[in-house]
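The values are calculated or read from the model by the stated rules, or taken from the named source; none is laboratory data. All values derive from a computational prediction rather than experimental measurement. Don't worry about glycine lacking a Cβ; one is built from the backbone with ideal geometry, like all the others, and counts go over all protein chains shown. Just so you know, the surface numbers come from the protein's heavy atoms only, side chains and all, with ligands and any DNA or RNA stripped out. Shrake-Rupley method; radii C 1.70, N 1.55, O 1.52, S 1.80 Å.
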Amino acid sequence: MMDSVFGALRFDVGWKTEIDAALFGKARRVTVKARAYREEDGLTIEQESAFADYKSREEEIWKAAEKLLRDYMGGDCGTRFSPRTLLFERDGGYALLCDDEEYPDEGVAVELAPRRRVMLQDDYL
(Lines give C-alpha, C1' and ligand atoms only; values in the text may rest on other atoms or scores of the structure.)
Protein backbone atom coordinates (compact mmCIF):
# COMPACT_ATOMS: atom_id res chain seq x y z
CA MET A 1 0.00 0.00 0.00
CA MET A 2 1.17 3.52 -0.70
CA ASP A 3 0.20 5.99 2.03
CA SER A 4 0.58 9.75 1.66
CA VAL A 5 2.20 10.05 5.13
CA PHE A 6 4.02 6.75 5.74
CA GLY A 7 4.96 6.08 2.12
CA ALA A 8 5.23 2.49 0.85
CA LEU A 9 3.94 -0.04 3.39
CA ARG A 10 3.53 -3.80 3.45
CA PHE A 11 1.10 -5.70 5.66
CA ASP A 12 2.59 -8.29 8.01
CA VAL A 13 0.63 -8.34 11.29
CA GLY A 14 0.50 -4.55 11.02
CA TRP A 15 1.62 -2.04 8.38
CA LYS A 16 5.41 -1.92 8.10
CA THR A 17 8.18 0.02 6.45
CA GLU A 18 11.78 0.80 7.41
CA ILE A 19 13.66 3.98 8.20
CA ASP A 20 17.26 4.91 8.91
CA ALA A 21 17.82 6.40 12.34
CA ALA A 22 20.71 7.29 14.62
CA LEU A 23 20.70 6.37 18.30
CA PHE A 24 23.74 7.03 20.46
CA GLY A 25 25.66 8.09 17.35
CA LYS A 26 25.13 4.79 15.55
CA ALA A 27 23.21 4.53 12.29
CA ARG A 28 20.47 1.92 12.52
CA ARG A 29 17.79 0.44 10.29
CA VAL A 30 14.52 0.49 12.26
CA THR A 31 11.16 -1.05 11.38
CA VAL A 32 8.23 1.35 11.54
CA LYS A 33 5.05 -0.51 12.40
CA ALA A 34 1.54 0.90 12.45
CA ARG A 35 -0.55 -1.48 14.50
CA ALA A 36 -3.46 -3.10 12.64
CA TYR A 37 -5.08 -6.44 13.27
CA ARG A 38 -6.29 -7.06 9.74
CA GLU A 39 -5.17 -5.64 6.42
CA GLU A 40 -8.61 -4.14 5.82
CA ASP A 41 -8.25 -2.12 9.05
CA GLY A 42 -5.93 0.23 7.18
CA LEU A 43 -4.32 3.11 9.02
CA THR A 44 -6.02 5.48 11.43
CA ILE A 45 -5.94 9.25 11.14
CA GLU A 46 -4.27 9.25 14.56
CA GLN A 47 -1.44 7.01 13.30
CA GLU A 48 -0.88 9.23 10.27
CA SER A 49 -0.92 12.37 12.43
CA ALA A 50 1.53 10.83 14.92
CA PHE A 51 3.91 9.75 12.15
CA ALA A 52 3.74 13.20 10.53
CA ASP A 53 4.57 14.75 13.93
CA TYR A 54 7.44 12.29 14.38
CA LYS A 55 8.83 13.16 10.92
CA SER A 56 8.67 16.90 11.64
CA ARG A 57 10.58 16.49 14.93
CA GLU A 58 12.64 13.39 14.16
CA GLU A 59 15.99 14.58 15.53
CA GLU A 60 14.40 15.96 18.71
CA ILE A 61 12.54 12.68 19.31
CA TRP A 62 15.67 10.52 18.90
CA LYS A 63 17.53 12.79 21.36
CA ALA A 64 14.61 12.44 23.79
CA ALA A 65 14.79 8.64 23.44
CA GLU A 66 18.52 8.72 24.22
CA LYS A 67 17.91 10.87 27.33
CA LEU A 68 15.11 8.61 28.53
CA LEU A 69 17.31 5.53 28.16
CA ARG A 70 20.22 7.23 29.97
CA ASP A 71 17.91 8.31 32.80
CA TYR A 72 16.48 4.78 32.98
CA MET A 73 19.79 2.99 33.09
CA GLY A 74 22.47 5.58 33.74
CA GLY A 75 25.87 5.47 32.08
CA ASP A 76 26.46 4.44 28.50
CA CYS A 77 23.42 2.84 26.91
CA GLY A 78 24.75 2.78 23.37
CA THR A 79 26.00 -0.79 23.58
CA ARG A 80 23.19 -2.15 25.72
CA PHE A 81 20.06 -1.05 23.83
CA SER A 82 19.43 -1.65 20.12
CA PRO A 83 16.37 0.00 18.55
CA ARG A 84 14.28 -2.43 16.51
CA THR A 85 10.74 -1.09 16.02
CA LEU A 86 9.05 2.30 16.16
CA LEU A 87 5.49 1.20 16.95
CA PHE A 88 2.51 3.47 16.21
CA GLU A 89 -0.64 2.54 18.11
CA ARG A 90 -4.15 2.92 16.66
CA ASP A 91 -4.78 5.91 19.00
CA GLY A 92 -1.65 7.77 17.84
CA GLY A 93 0.59 6.91 20.76
CA TYR A 94 3.99 5.52 19.85
CA ALA A 95 7.05 3.92 21.36
CA LEU A 96 10.49 2.74 20.36
CA LEU A 97 10.99 -0.95 21.10
CA CYS A 98 14.61 -1.85 21.87
CA ASP A 99 16.46 -5.08 22.42
CA ASP A 100 18.36 -5.20 25.72
CA GLU A 101 21.73 -6.99 25.49
CA GLU A 102 21.76 -7.74 29.25
CA TYR A 103 18.22 -9.16 29.27
CA PRO A 104 17.56 -10.46 25.74
CA ASP A 105 14.20 -12.03 26.66
CA GLU A 106 12.75 -8.73 27.87
CA GLY A 107 13.72 -5.58 25.98
CA VAL A 108 12.49 -2.09 26.77
CA ALA A 109 9.88 0.24 25.32
CA VAL A 110 10.65 3.95 25.17
CA GLU A 111 7.21 5.53 25.09
CA LEU A 112 7.50 8.80 23.15
CA ALA A 113 3.86 9.88 22.89
CA PRO A 114 1.58 10.71 24.54
CA ARG A 115 3.92 10.39 27.56
CA ARG A 116 7.65 9.99 27.68
CA ARG A 117 8.90 7.12 29.81
CA VAL A 118 10.77 3.80 29.66
CA MET A 119 9.33 0.45 30.71
CA LEU A 120 9.77 -3.23 29.97
CA GLN A 121 8.35 -4.22 26.60
CA ASP A 122 6.04 -6.74 28.25
CA ASP A 123 4.47 -3.92 30.31
CA TYR A 124 4.03 -1.68 27.25
CA LEU A 125 2.71 -4.32 24.90
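Looking at (1) among the basic types (Lys, Arg); (2) surrounded by 20 or more Cβ atoms within 10 Å (Cβ to Cβ); (3) over 15 Å from GLY14 (Cα atoms), which is the one condition that is false for ARG117?
For ARG117, the exception is condition (2).
Filter the range 89-113 for residues that are part of a strand (DSSP E or B) and either surrounded by fewer than 17 Cβ atoms within 10 Å (Cβ to Cβ) or under 13 Å from the mean Cα position of the chain (by Cα) (or both) and give the result.
Correct list: TYR94, ALA95, LEU96, LEU97, CYS98, ASP99, VAL108, ALA109, VAL110, GLU111, LEU112, ALA113.
Look through LEU86, LEU68 and report the one residue that is open to solvent by less than 10 Å² (accessible area, probe 1.4 Å) and either touching a residue at least 60 places away in the same chain (Cβ under 8 Å) or part of a helix (DSSP H, G or I) (or both).
LEU86
Looking at the range 19-37, is at least one residue touching a Ser or Thr at 6+ places or on another chain (Cβ under 7 Å) and of a type in the set (Ser, Thr, Tyr)?
Scanning the range 19-37, I find at least one residue that is touching a Ser or Thr at 6+ places or on another chain (Cβ under 7 Å) and of a type in the set (Ser, Thr, Tyr), so the answer is yes.
Output the qualifying pairs, or none if there are none: Cβ atoms under 8 angstrom, residues six or more apart or on different chains, first residue in the range 44-62 and closer than 14 Å to VAL5 by Cα, second residue part of a helix (DSSP H, G or I) and modelled with pLDDT of 95 or more.
That search, which allows pairs on different chains as well, returns TYR54/ILE61.
With the requirement that a residue be within 18 Å of GLU89 (Cβ to Cβ), outside any strand (DSSP E or B) and open to solvent by less than 60 Å² (accessible area, probe 1.4 Å), what does the range 22-52 give you?
Passing the criteria: ARG35, ALA36, ASP41, GLY42, LEU43, THR44, GLN47, GLU48, ALA50, PHE51, ALA52.
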